[in-house]
Amino acid sequence: PGGKTNSPMDGNNCTQCHSGTINSGIGTATITTNIPTAGYSIGSTYTVTLTGVKSGCTRFGFELTAESGSSKTGTFLITNSTETKFATGTNNTAVTHKTAGNSGNTTKSWSMDWTATTNNSGSTTFYAALIFANNNGNNNGDNVFTTSLAVNEEIVNALNDYSTKNKFTFNT
C-alpha cells in the first residue's frame, strides 16, 4: 500500500504491516541521486537510488516519495518495471518494490527517475522506508529503517544570466 515512507505527509511506515521497532537493529538505508550540488532544475529528470544494507539479509522492500512543504513534489518514472512500481494510490508520487524486486544478498538497491516540478519552497526532501525481512514467510521479526535526503532547487540569477549572454555596446 502507499503512504508508508515515514514522511511528514504520509506519517506512516512499514511497521504497520511488518512488526518490529523502527530504526532498530543493524542495517543502513541511504538515498543517493545525481542532482548536482548546485541543485535541481525544474523540468529536468534525475536518477534516485535507494540502497539497503544488512549483513545476511536476503529479502528487502521499500517505499520512496518526495515532498516539499505540505505537498508531494515531482513525478517519478519507473526505470525497472520488473522490480519497481508506483505505490498504490499515489499518482506517480511514490515508488515501491515488486515481489521480483525484493531479493538480494546483504545489499539491495533500486533506482528510479524523478522529474522536478515547481514548488514554492525551493527544496525537496526524499523520504523512504526500507524493510529488511527475515524471510520467515510472514511479516513478524522484520526490521524497518527510514532515511531521507534533502536537495535544493538551483538558484538562477536571471539578471546575471541575461547580462552575460547579451553584451551591449553604448556609443556616447
(request) Using amide H atoms built 1.01 Å from N in the peptide plane, name the residues 5+ places from Glu153, or on other chains, whose amide H lies under 5 Å from its own. (result) Tyr40, Ser123, Thr124
(message) Within the chain, which is the longest segment that contains none of the chymotrypsin sites (Phe, Trp or Tyr not before Pro) sitting in a DSSP loop with at most 13 other Cβ atoms within 10 Å?
(response) 1-167
(message) Can you return the aspartates and glutamates within cross-link range of Lys85? Criterion is Cα-Cα under 17 Å, with same-chain partners fewer than 8 residues away left out.
(response) Glu63, Asp113
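Could you give the length gained on full extension between Asn105 and Asn92, defined as 0.36 nm per residue of separation minus the Cα-Cα distance, in nm?
1.8 nm
So between Ser123 and Thr47, what do we pick up on full extension, going 0.36 nm a residue minus the alpha carbon distance?
That pair, Ser123 and Thr47, stretches by 25.7 nm at full extension.
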(message) If I take R0 = 30 Å and measure r between the Cβ atoms of Thr82 and Ala38 in this structure, what FRET efficiency does the formula 1/(1 + (r/R0)^6) give, to the nearest 0.05?
(response) 0.35
(message) Please list, ordered by chain and number, the residues whose modelled amide H lies under 5 Å from the amide H of Gly104; skip anything fewer than 5 residues away on the same chain.
(response) Arg59, Phe60
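None of the figures in this text is laboratory data; all of them are computed from the coordinates on show. Predicted model, so just to flag it, every value in this text is computed and none were measured. For neighbour counting, all protein chains shown are included, and Cβ atoms are generated from backbone atoms with ideal geometry for every residue, glycine included.
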